[in-house]
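Everything on this sheet refers to the single structure shown next.
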Amino acid sequence: MTLKHSKLYFLLLCIFCACDRDDEKIPAYLYIEPFDFNVKIGEGSSSQNLTDVWVYVNDRYYGAYELPCWIPVLEKGIGEVLLLPGYRQDGRITNAFRYQLLNPYQIKLQLDPQITDTIRPATSYQSGLQFSVIEDFEGIHFFNTDRDKDPETKIVLTNASDAFEGSHSGMITLTKEHPSISAEYILNDPIPQSGDPIILELNFKSDIPFSIGFIAYKSILGEENLIKAGILPKKNWTKVYFDFREIINTSNADYYHLAIAADFQKDSSKAEQQIYIDNIKVIHR
């Protein structure tokens with residue numbers, strides 16, 4: 001057999017084998033846009049940073065993806081698509097978590113091979129949740145218990161031009177002369193132990209690192225510092241999420257105060273170092 005005939009034979013063999021695989025599934029495609037987020041009265045701001053989605057089609061798990069995403073699905077005909085919203089916990093790009101206190105998005109689609117369907121999902125808080133804190137700094141704020149004993153370091157209200165949204169945000173200014181802040185928000189409602197997430201949300205931008213979390217108060221043992229959520233500086237407003245479930249469950253205190261703490265950074269060139277915060281929420285079942 002000549003080289004020319006060998007090539008022809010190989011080509012015919014490939015065509016034959018391809019025909020023999022006609023029963024293989026050809027995927028349909030989903031293009032999933034970022035989530036819309038809707039809130040009701042009493043649930044605070046609708047700002048969100050839902051960066052990820054967990055995808056199920058006809059109860060089959062297709063993986064977790066950063067939004068927006070374009071994915072193939074090996075389904076044909078009517079497909080039940082279930083989308084679960086997610087976020088990056090602790091503000092770290094490697095910590096992708098489902099936001100288990102939000103509603104999933106469901107839709108039925110006619111899935112056809114090689115056809116792309118665009119989905120614009122929406123989500124909202126699940127019913128029956130407790131909002132122990134909603135601090136939007138639109139009036140007198142409640143971070144008014146001073147732990148650092150310096151009356152010059154406190155959270156003040158910005159003007160509208162410096163606010164994340166609305167009329168005001170909260171602002172902290174630290175200097176060499178006034179280098180530390182530790183301020184508490186006294187919670188009216190207890191935070192119970194829970195198998196479900198205990199989520200702390202906030203918007204911020206900052207020149208320096210700071211921390212947010214809880215002071216736990218126990219009737220016999222006194223207080224315990226649970227200001228465990230460290231936040232790195234960001235030039236632009238950013239939304240972050242923290243899950244305090246494990247910390248609260250381990251502490252099992254009688255009650256909690258929400259607290260913010262920061263220290264002046266001596267190695268920074270800025271004589272005045274500022275932290276801006278807004279839309280702080282604590283949410284649980």
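On the given criteria, is Gly222 exposed (fewer than 14 other Cβ atoms within 10 Å of the Cβ), of a type outside the set (Ser, Thr, Tyr) and at positive phi? Judged against the criteria, Gly222 is a match. Restricting region 232-285 to residues that are in contact (Cβ under 8 Å) with a residue 12 or more places away in the chain and part of a helix (DSSP H, G or I) leaves a set whose member that is surrounded by the most Cβ atoms within 10 Å (Cβ to Cβ) is Ile248. Could you count how many residues in region 193-231 are assigned to a loop (DSSP other than H, G, I, E, B), farther than 21 Å from Phe97 by Cα and touching a His at 6+ places or on another chain (Cβ under 7 Å)? Qualifying residue count, region 193-231: 0.
Just to be sure I understand, how many residues within region 122-156 are under 25 Å from the mean Cα position of the chain (by Cα) and at negative phi?
Taking region 122-156 first, the residues under 25 Å from the mean Cα position of the chain (by Cα) are 122-138, 141-143, 155.
Adding the requirement that they be at negative phi leaves 122-127, 129-136, 138, 141-143, 155.
Residues meeting the conditions: 19.
Only a single item in (1) in the same structural domain as Phe242 (by TED's automatic domain parsing); (2) touching a strand residue (DSSP E or B) at 6+ places or on another chain (Cβ under 9 Å); (3) under 22 Å from Ser46 (Cβ atoms) is not met by Phe143, and it is number (3).
The values are calculated or read from the model by the stated rules, or taken from the named source; none is laboratory data. Just so you know, these numbers come straight off a predicted model, no measurement behind them. Every residue, glycine as well, gets a Cβ built from its backbone with ideal geometry; the counts of neighbours run over all protein chains shown.
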